[in-house]
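Take a look at the structure set out below.
The values are calculated or read from the model by the stated rules, or taken from the named source; none is laboratory data. Please read all numbers here as calculations on a predicted model, not as lab measurements. So basically every Cβ, Gly included, is an ideal-geometry build from the backbone, and we count neighbours across all protein chains shown. The protein model used for the area step is the full one, side chains on, heavy atoms only, and it has no ligands, DNA or RNA in it. Shrake-Rupley method; radii C 1.70, N 1.55, O 1.52, S 1.80 Å.
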Amino acid sequence: PSATPFSGERKEGRIMTAEVFERELLRLGEAAGLQLSEEQAELCCQHIALMLEWNRRVNLTRITDPYEICVKHLLDSLLPAQWLPREGLALDVGTGPGFPGVPLKILCPDLTTVLLEANHKKVAFLKMLLSRLRLKGLHALQGKWETFPEKPDPLCRKQYTLITMRAVKLQPEHLTELASRILAPGGVFAWWAGPGENLPTVAVSSLRDASMVFHANFSYALPGASRPRQLFLWKKAPPLTHEMSEK
């Protein structure tokens, strides 16, 4: 790990190095039951260091304190992995500077992950990030989720195992127009909700497509947070057989 100042960021008046940041991530992860290797922690650290460097010129995140980044970006992305598929094809909608898609890819190397972001400056950052991290099976695409299935890129023609969405307001169309079209049968749509947030009524009562079925919701605690975070999951139902469709 680098011993240089961690993008010049300070914690409690002291310069935080990359090495200190990695140790903090490993310590907090272990306390939360997260199995993260030193190599994975170093990759997460590279992600954050590059994000903070670019953040001085491009608005990527409002959170710049290293400890808060560790908790509110990295741990919040990684802890829900225990309830998600760990292999297959994943789409991260509205990924911003790469959350939760990049940390999940680092933790689950058997995932092939597509980072979808509409903001071209953030996509420029993501493409630079991918060239630095050199992780196989990690892609960045510019565009809106509404037009994703119609884009000419071959990645938009595939069936997905997982869709993740964090820090994006849930709309019924995320389930009926996106998830129902691109998820493979049994595929999972995962939405990160705010602390104490209940399942939106619109996401249950307004579904026009019975192929997406609410599966479960889970709570998890972030260090120092007063209320737990929520993760809501839907699954793509298997197609009706010919015999069942005739009944």
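What to note about this one:
- Spacing of the modelled spin labels on LEU135 and PHE218, each 7 Å from Cα toward Cβ, amounts to 1.8 nm.
- Only helical runs count toward this figure. For the chain, summing -39,500 (n - 2.57) over DSSP H runs of n ≥ 4 and dividing by all residues gives -8000 deg cm²/dmol at 222 nm.
- Within the chain, all pairs of alpha-carbon atoms sorted by distance into 10 Å bins from zero give the percentages 7, 31, 35, 19, 6, 1, 0.
- Per residue, the solvent-accessible area of the chain (1.4 Å probe, heavy atoms of protein chains only, all protein chains present) comes to 49 Å².
- When GluC sites (Glu not before Pro) are flagged only if DSSP places them in a loop and at most 12 other Cβ atoms lie within 10 Å, the longest unflagged stretch of the chain comes out as 88-247.
- Nitroxide proxy distance, nm - points 7 Å out along Cα→Cβ at ARG86 and GLN142: 3.6
- In the structure shown, the pairs LYS151/LYS236; LYS72/LYS151; LYS105/LYS127; LYS72/LYS236 are assessed against 26 Å; a Cα-Cα span above that value is assigned to LYS72/LYS151; LYS72/LYS236.
- Residue pairs, from the table LYS121/LYS158; LYS136/LYS235; LYS121/LYS235, whose Cα atoms sit over 29 Å apart: LYS121/LYS235
- Based on alpha carbons, the Rg and Dmax found for segment 36-137 are 12.6, 36 Å.
- Carbon/sulfur fraction of accessible area - segment 93-198, other protein chains in place, 1.4 Å, %: 49
- Reducing segment 65-113 and segment 36-63 to their Cα centroids gives an inter-centroid distance of 13 Å.
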